[in-house]
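One structure is given below, encoded as structure tokens.
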Amino acid sequence: MSSTEGYTGDFPPGGGPDGGEAEASRAPHRVIGTPPPAEQRTLLGTSESDAPPAPPRELPADPDDLAGASRAEKIVAALFILAMLAGFGFIAAYIGLPLGASLDSVLRSNLALGISMGVAFMAMGVGAVIWVRRLMPDVELTEARKPLASPPEDREAFAETFREGAETSQFVKRPILRRSLIAATVPLLLAPLVLLRDLGPLPGTKLRHTVWRKGLRLVISDTGRPIRPADFGSPGGMITVIPEGYQTNDNALVKATAIIIKFEPGELKYPTNLKWTVDNIVAYSKICTHVGCPVALYEQTTHHILCPCHQSTFDATKGATVLFGPANRPLPQLPMGVDSEGYLVALSDFKVPVGPSFWERG
Amino acid sequence: MTSTNEAPAGAAGEGPVEKVLAGTGTFLDDRLHAAKSTRTLLKKVFPDHWTFLLGEIALYSFIILLLTGTFLTLFFKPSMTSLVYHGTYSRLDGVRMSEAYASTLNISFDVRGGLLMRQIHHWAADLFMAAIMAHMIRIFFTGAYRKPRELNWLIGITLFTLGMLEGLFGYSLPDDLLSGAGLRILEGVILGIPIVGTYISFFLFGGQFPGMDIIPRLYIIHVLLIPGLLLALITAHLFLMFHQKHTQMPGKGRTDKNVVGQPLYPYFMAKTGAFFFFVFGVLALLSALAQINPVWLYGPYNPVAMSAGSQPDFYMGMLEGALRIFPNWSWNLWGHTFAWNVLIPALVPLGLLFTGAALWPFLERWITGDQREHHVNDRPRNAATRTAIGIAVITWYGIMWLEGANDVIADHFQISLYTTTEIARYAVVIGPVIAYILTKRICLGLQRKDAATLLHGYETGIIQMRPNGEYVELHAPVPEEERAVLEARTTAPLPLEAGSDDDSGVPDPALRGPVGKLRLALNRVVTESVPLPVGNGHGTNGHGNGHGGNGHGSSVAGEPERAAVTSGEDGKTLLGRDSPEDPGEH
Ligand code: HEM
Ligand code: FES
């Protein structure tokens, strides 16, 4: 409130926006950056006849319970010292606990660093809260709120200024100017979009195909070994297979990964394409037709293939048709046969696109 | 800065500290002309309530994310180049992985404090989102989004959306098995978008999934683009909060025309500083004691494998649940696939949530016709319909969120996986309706109780026998503080049917057409409330710190009837209509 007065007083001589003369005569010469001498403030604050008296203080200097405050002071100081010790502890733990080759040493270091850091911060926090609560006097102030809307004069004045500016700029009056400017911005807005074109190639028909082709061997995904039907003793679990030679090609595997399951004779039923099976072994795409997770779970007793992501369930005996869940289409079956050496091979690519639906899939 | 100007005259205990302060203050003020504005700032009053801390938690988590994230960038390599690992973590020795994953292992096992920073970063991300959600819920239920704070509400919704994206992208950076599967799901969802889906996917991934580009691209979005936007929006959010001043909870002496609380300096500064330390301390302790995202256990991304029982971060759980619940509808028409089973759950629930939330303040304003500024928060019970809607939405969200973990639930409660989904399919429709009805009844019940308390005072539990043998329970008068809280409702909006949309008392022609009828119908629902006892009309609230005698009037008042409308009217004229609303509108 009275700070305006205090403020002008602090202008260096002659530095006031106006009336520098008067200021200069009042304020002793002073180098910028140094505090004004005390008398100046005395002058400004009280004895100047036109300056109002210093405002009454708004915040009490001390809390009511002084004895409690000095107790609190000790507690707060103790907490701050604890924070300091914990802070040093953090540095000590950093230096003193090297990371060895074992997971244990890593976890030990993490524990020591985290706890010392946490304790340091918590002690600071608790200390500061006690400080505010017990050492600072309790006050409650009320500040007036003015309505946010400007007074009508101000709004009108603003509108006027805006109108004037618009008029003076000729933007409103001259349609050719305005329209050509708008026309000029159109390509400038489109250009950045065009620039994004090279972010990636066009999809083409890439989503329709996988790397499977006639004669490509199925190999076990972990070991890379090709598979003979005779390797299966009896019907059993699900084996993840991939096309031979693509073990490290993630882009290919994301679509081409498949599963093979062996059944008892007669268990495989329509709509499984039996011509594409070998010795009651059937191969399906492993890519869920919902949004593309690998369908990783197989329940031998029920012959259910389950996708762990959203639990689409497919019936492995019936062409992997959907039994439950959000997937809409069966897992595509891979046409499979054996080559001259008796290994399982693909007879062709999948006949339908694998994986999630996409617009052009049809 | 202001010490030179504020030091009481003559009280120049010129210690070295004062000298330095005065020197700096003068130096700065000579250049910035800031003494007056800074003083105003320092004296700015901040109201206090524990729920006001929720936004602060979000703010401090964000700052901690900036700090820890910057540390992580010093070591993290956003590259999908494949390598064979021969590092410290021997269990993955010889495994093929991306450089991003290897550098995450390196941060965890070879950089001292690296694991701690990673875990703090991840916990802070979860805390950030949790705090934003809790903060939004607080704002909603107390009506703090009402005029003039709609802009900040919109900024808040944008922050929430960006936070979700930021978290999803950050979570994808380490390129472990789980995050890779998350990206795969993202790709699957994008592919489902009609017409442009495949193109967006190919442009985003730089070709077919996974390609070589996605991690570096997500990285720059994660460390620069979104943090920049978040920082700008958070700054705007805080600036608006400062400028419009914080809302306050109802209480004695608190009106729409004042702010009651403690000054920024030194009180709020000290409190909020303490709170920053708390948040940081809690996060550090959590990260010391509770493991989060141990990527070395999941292994690197591998398109062939997927682990069961994996869960996304909690703020994505609702999407996951929606994808699980939704039936497997899909059309094949004109050679194109309409993958409703992906599109609807991926886009509609969140779309509805965000759009609905963004429109709600404006919708409510239209329904109630309430054009006043509100600075005193509502007690949730006093806006029964709004509270009921809020609880219904939370129920709806919560059911989908739980369904996102239905495998865990099924396992835990020994019920079939499919049963949980079937139940959720019904619950997601019926649950919100039940929640709405129940909440509304509870709120109205609480209002009734408040009205009774105002009328008769508190039940003391002391039973007294009258001379005529009658037993009565003694009632204590309601203390003034509480009375002010209970009466806070005098500022609630009026039902429109009482007359019109404005003060003239003439029915508004705009209320006659079909739209007007709809508005009136909605209005009746939204303004439904139990009237306050007559006599409270001259609300202590309206007059500010007021009339002590007022209290007695109410306890002898008659039937709490529709007459309470008068009380509302009173509050309305008092508080609202004198602020210049229409003038200057062009
Ligand atoms: C609201 C803001 C942010 C959120 C929600 C967020 C979230 C995340 C999450 C969940 C992770 C995965 C952490 C893990 O478990 O490994 C992550 C990783 C990362 N974040 Fe952030 N983050 C945010 C801001 C930032 C900022 C501002 C930076 C840098 C300036 C950053 C840098 C990183 C880096 C380098 C990683 C990868 C490191 C690693 O995972 O080892 N983040 N972020
Ligand atoms: S990806 Fe398989 S159910 Fe969703």
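The values are calculated or read from the model by the stated rules, or taken from the named source; none is laboratory data. Computed from a predicted structure; not experimentally measured. Glycine also receives a Cβ, built like all others from the backbone with ideal geometry; neighbour counts cover every protein chain displayed. When the accessible area is computed, the model is the full protein with side chains, heavy atoms only, and any ligands, DNA or RNA have been set aside. Shrake-Rupley method; radii C 1.70, N 1.55, O 1.52, S 1.80 Å.
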Filter result for the condition that a residue is over 30 Å from B:Met80 (Cα atoms), facing chain A (nearest Cβ under 7 Å) and hydroxyl-bearing (Ser, Thr, Tyr), over B:Thr247, B:Thr255, B:Thr337, B:Thr272: B:Thr337
Are any of the residues in region B:77-98 away from ligand 2 (no atom under 16 Å from the Cβ), within 13 Å of chain A (Cβ to nearest Cβ) and within 20 Å of B:Phe278 (Cβ to Cβ)? no
Whether any residue in region B:150-173 is within 30 Å of A:Leu97 (Cα to Cα), within 14 Å of chain A (Cβ to nearest Cβ) and within 13 Å of ligand 1 (Cβ to nearest atom) is what I want to check. no
Within the bounds of region A:311-325, is there any residue that is touching a Ser or Thr at 6+ places or on another chain (Cβ under 6 Å) and of a type in the set (Phe, Trp, Tyr)? yes
Right, A:Thr223: within 12 Å of chain B (Cβ to nearest Cβ) and under 30 Å from A:Asn280 (Cα atoms) or not? no
Kindly list the number of the only condition in (1) more than 8 Å from chain A (Cβ to nearest Cβ); (2) of a type in the set (Gly, Ala, Ser); (3) more than 16 Å from ligand 1 (Cβ to nearest atom) that fails for B:Gly206. (1)
Restricting region A:279-294 to residues that are within 14 Å of chain B (Cβ to nearest Cβ) and among the β-branched types (Val, Ile, Thr), which is farthest from ligand 1 (Cβ to nearest atom)? A:Thr289
Of the residues in region A:180-204, those that are outside any helix (DSSP H, G or I) and either free of Cβ contacts under 8 Å to residues at least 12 places away in the same chain or in contact with a Pro (Cβ under 6 Å, 6 or more places away or on another chain) (or both) come to A:Gly200, A:Pro201, A:Leu202, A:Gly204
Scan of region B:183-203 for residues that are within 16 Å of ligand 1 (Cβ to nearest atom) and open to solvent by 40 Å² or more (accessible area, probe 1.4 Å), ordered by number: B:Leu186
State yes or no: is B:Thr142 touching an Asp or Glu at 6+ places or on another chain (Cβ under 6 Å), more than 11 Å from ligand 1 (Cβ to nearest atom) and more than 29 Å from B:Gly211 (Cβ to Cβ)? yes
Taking A:Lys269 and the conditions (1) within 16 Å of ligand 2 (Cβ to nearest atom); (2) out of contact with any Asp or Glu (no Cβ under 6 Å at 6 or more places or on another chain), which numbered condition does it fall short on, given that it satisfies the others? (1)
Of everything in region B:276-317, what is within 15 Å of ligand 1 (Cβ to nearest atom), small (Gly, Ala, Ser), under 22 Å from A:Ser116 (Cα atoms) and in a helix (DSSP H, G or I)? Give them in sequence order. B:Ser287
Of the conditions (1) touching a residue at least 12 places away in the same chain (Cβ under 8 Å); (2) part of a helix (DSSP H, G or I); (3) open to solvent by less than 50 Å² (accessible area, probe 1.4 Å); (4) more than 8 Å from chain A (Cβ to nearest Cβ), B:Leu229 satisfies every one except a single condition; which number is it? (3)
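Rundown of residues vs (1) open to solvent by less than 40 Å² (accessible area, probe 1.4 Å); (2) more than 16 Å from ligand 2 (Cβ to nearest atom); (3) touching a residue at least 24 places away in the same chain (Cβ under 8 Å); (4) hydrophobic (A, V, I, L, M, F, W, C), yes/no style:
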position	(1), (2), (3), (4)
A:Leu274	no, yes, no, yes
A:Ser285	yes, no, yes, no
A:Tyr298	no, no, yes, no
A:Leu323	no, no, no, yes
A:Val338	no, yes, yes, yes
Report the residue count in region B:126-152 for those that are of a type in the set (A, V, I, L, M, F, W, C) and open to solvent by 20 Å² or more (accessible area, probe 1.4 Å). 10
Just to be sure, is A:Ser169 open to solvent by less than 60 Å² (accessible area, probe 1.4 Å) and either more than 9 Å from chain B (Cβ to nearest Cβ) or not aromatic (Phe, Trp, Tyr) (or both)? no
Quick check: is even one residue across region B:194-201 out of contact with any strand residue (DSSP E or B) (no Cβ under 7 Å at 6 or more places or on another chain), part of a helix (DSSP H, G or I) and more than 7 Å from chain A (Cβ to nearest Cβ)? yes
A:Arg134 versus (1) without any contact (Cβ under 8 Å) to a residue 40 or more places away in the chain; (2) of a type in the set (D, E, K, R); (3) open to solvent by 30 Å² or more (accessible area, probe 1.4 Å): which is the lone unmet condition? (1)
Go through region B:354-387 residue by residue and tally those that are small (Gly, Ala, Ser) and open to solvent by less than 10 Å² (accessible area, probe 1.4 Å). 2
Can you tell me which residues in region A:300-310 are surrounded by 24 or more Cβ atoms within 10 Å (Cβ to Cβ) and within 32 Å of the chain's Cα centre (by Cα)? A:Cys307, A:Cys309, A:His310
Out of B:Thr40, B:Thr73, sole residue that is at pLDDT 90 or above and loosely packed, with under 15 Cβ neighbours inside 10 Å: B:Thr73
Given A:Ala159, A:Ala144, A:Ala149, A:Ala120, which one is open to solvent by 60 Å² or more (accessible area, probe 1.4 Å) and within 8 Å of another protein chain (Cβ to nearest Cβ)? A:Ala144
Between B:Gly390, B:Gly431, B:Gly351, which is under 30 Å from A:Pro147 (Cβ atoms), open to solvent by less than 50 Å² (accessible area, probe 1.4 Å), away from ligand 1 (no atom under 16 Å from the Cβ) and not in a strand (DSSP E or B)? B:Gly390
State all residues of region B:93-125 that are in contact with a Phe, Trp or Tyr (Cβ under 6 Å, 6 or more places away or on another chain) and over 29 Å from B:Tyr315 (Cβ atoms); if no residue qualifies, say none. B:Val95, B:Arg112
Breaking point among (1) out of contact with any helix residue (DSSP H, G or I) (no Cβ under 9 Å at 6 or more places or on another chain); (2) more than 10 Å from ligand 2 (Cβ to nearest atom), for A:Cys307: (2)
Out of A:Ile227, A:Ile220, A:Ile281, A:Ile260, report the one residue that is open to solvent by less than 50 Å² (accessible area, probe 1.4 Å) and under 26 Å from A:Ser357 (Cβ atoms). A:Ile260
Of the conditions (1) in contact (Cβ under 8 Å) with a residue 24 or more places away in the chain; (2) more than 22 Å from the chain's Cα centre (by Cα); (3) open to solvent by less than 50 Å² (accessible area, probe 1.4 Å); (4) facing chain A (nearest Cβ under 7 Å), the single one that B:Pro266 does not satisfy is (1)
